[in-house]
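Structure, as structure tokens:
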Amino acid sequence: MLSRRIIACLDVRQGRVVKGVRFRAHRDMGDILDVARRHRDAGADELVFYDIGASPEGRSVDRTWIERIAGFLDIPFCVAGGIRSVADARRVLHAGADKVSVNTPALEAPDLIDALANEFGTQCVVVGIDSRRAADGDWRVFSHTGDAARIREQPQRTLDWLVEAQRRGAGEIVLNCMDADGVRQGFDIEQLAAARALCDVPLVASGGAGSIAHFSEVFRLADVDAALAASVFHSGAVAISALKQALAAEGMEVRGAC
Amino acid sequence: MRVAVIDAGGANLGSVCNALQRLGAVPVPTADARLIEGCERVILPGVGHAAAAMARLHASGLVALLRALRQPLLGICLGMQLLFEHSEEGDVDCLGLLPGQVRRLQPAPGIRIPHMGWNRLRLRDAGSLLEGVGEGEPCYFVHGFAAPVTSDCVAWCSHGQAFAAVVQRGHTAGVQFHPERSGATGARILANFLSGALACG
């Protein structure tokens, strides 16, 4: 049976791992290689590297650190940030990444999703969606979320964009619930469950993890395939080994919990 | 040991080469027939589309070479699917080194496609390529198509349906998961391939 995945997310800026709260005030968390190795050894099923400066600054993701990571990592990893073209994606994948995740560039040019899926297969193509409840009560997509000064609300409803992204060839969706992000009060179960109902490909919950109970809750109540977190893993507030043991004790299929 | 890693336009070339280096082998990423013939092992990796990959192999003149290889050959993910007779992905004839048809995995309630993540190996024949690998060990899968469980299947996996996870027939082998991304279990299987688990043809 397929395991529920625990994904550690590393927000990367200039080769360092950083973490912001509600997408602001980034704090240095250490060298990218050290943090990646620590999470791998702790039992993370997968790592995601978000080059959070790339999209807002309008540049492509830097591949030198991807090659460093790929040289030692023996679990899958995905790279996000600044991938605007098939050529960008090819560079990242050839540097050793398993998947590419597109967010702002896919909003600006949705055909990018089709092009990536046609070139590399849907299984390589992750679409990241940053979403929060807008003034009218609907969930809306936000772009340029790597830079507080440039965050923009998009016209799309989150759930409409999720359906379109799948139709265009997204092989996985990461739904980052911005209202919950960084505040450790739990995942946005309501939004994730609504997304799950429309999402036929793997769905990754992001934003809000604060405790082991939050992970259990999001798997049970929103039926997501994976849950992603950053700061609770960096700080050790949630130990991945203890998290997996707790999930296994509840009868969930997880990797490496004995 | 020099290991040819065939460049058929797939995207996981780098990670396969890295995994080989971690095991002390010398990866030779290439689409050149002479270079491939000079290597002691051949790996056919693959991320992408079956018809596109077969078109690239034909364009590079490698189809006949792969069919006639005498050194051990390991197909990874799409590369394993290409070992079979035919794939539904692009309705394409493949290398035909193993009997069977590769078909699309079918979605069902709770069964999302692509099959993406860690899943357990179920052993049918624990010999050679799976030496030292235990029942139920997890490996990392990413695929939307799969090969059937035939007499060549030495380990299977289940995602809504049973499919071949590891195949082996003479000096030809394949793994549906990504050994280069499957932690210690994947490294063990690659090491078995390098150390002579498969007889030369």
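Just so it is clear, none of the values below were taken in a lab; they were calculated from the coordinates. All figures in this text were calculated on a predicted structure; none of them were measured in a lab. Note that each Cβ is placed from the backbone with ideal geometry, even for glycine, and that neighbours are counted across all protein chains shown.
List of remarks:
- Net charge of the neighbourhood of residue B:31, taken over other residues with C-beta under 15 Å away and scored Lys/Arg +1, Asp/Glu -1, is -1.
- Counting other Cβ atoms within 10 Å as a rough exposure proxy, the listed residues A:252, B:116 run A:252, B:116 from fewest neighbours to most.
- FRET efficiency estimate (nearest 0.05) - Cβ-Cβ, residue A:237 to residue A:197, R0 25 angstrom: 0.25
- Loop-located trypsin sites (Lys or Arg not before Pro) in segment B:1-104 whose Cβ has at most 15 other Cβ within 10 Å (DSSP): B:70
- Placing +1 on the Cβ of every Lys and Arg and -1 on the Cβ of every Asp and Glu, with nothing else charged, gives segment A:123-168 a dipole about its Cα centre of roughly 60 debye.
- FRET E, pair residue A:33, residue B:195, Förster distance 35 Å, beta-carbon r, rounded to 0.05: 0.75
- Gyration tensor (alpha-carbon) shape descriptor, chain A, a/c threshold 1.5: rounded
- Separation of segment B:16-69 and segment A:181-200, taken as the distance between their Cα centroids, equals 42 angstrom.
- Placing a label point 7 Å from the Cα of residue A:249 along the Cα-to-Cβ direction, the residues of segment A:216-236 whose backbone N falls under 15 Å from that point are A:216-217.
- Cα gyration tensor shape of the protein assembly as shown, rounded if a/c is under 1.5, else prolate or oblate by comparing a/b with b/c: prolate
- Where labels lie 7 Å past Cα in the beta-carbon direction, separation of residue B:150 and residue A:185 in nm: 5.8 nm
- About the centre of its Cα atoms, chain B shows a dipole size close to 240 debye [charges on the beta carbon of Lys, Arg (+1) and Asp, Glu (-1) only; nearest 20 debye].
- Cα gyration tensor, segment B:72-201 - rounded (a/c under 1.5), prolate or oblate: oblate
- FRET efficiency, 1/(1 + (r/R0)^6) with R0 35 Å, evaluated for residue B:108 and residue B:70 via beta carbons: 0.25
- With K and R counted +1 and D and E -1, the other residues having a Cβ less than 11 Å from that of residue B:145 yield a net charge of 0.
- Stokes-Einstein D in µm²/s, Kirkwood radius over Cα pairs - segment A:27-157 at 10 °C with 1.306 mPa s viscosity: 102 µm²/s
- The dipole here belongs to segment A:146-217: it is taken about the Cα centre, uses +1 on the Cβ of Lys and Arg and -1 on the Cβ of Asp and Glu, and is about 160 debye.
- Selection among A:129, A:105, A:146 by position relative to the dipole of segment A:60-146 gives A:146 as farthest towards the positive end (Cβ unit charges, Cα centre).
- Local electrostatic count, residue A:35, Cβ distance below 15 Å [Lys/Arg +1, Asp/Glu -1]: +1
- Dipole axis of the protein assembly as shown (+1 Lys, Arg; -1 Asp, Glu on Cβ), positive-most option in A:242, A:209, A:189: A:242
- Relative contact order [Cα under 8 Å, 6+ residues apart], segment A:164-210, whole percent: 52 percent
- For chain A, averaging the sequence separation of C-alpha pairs within contact (under 8 Å, six or more residues apart) and dividing by the residue count gives a relative contact order of 19 percent.
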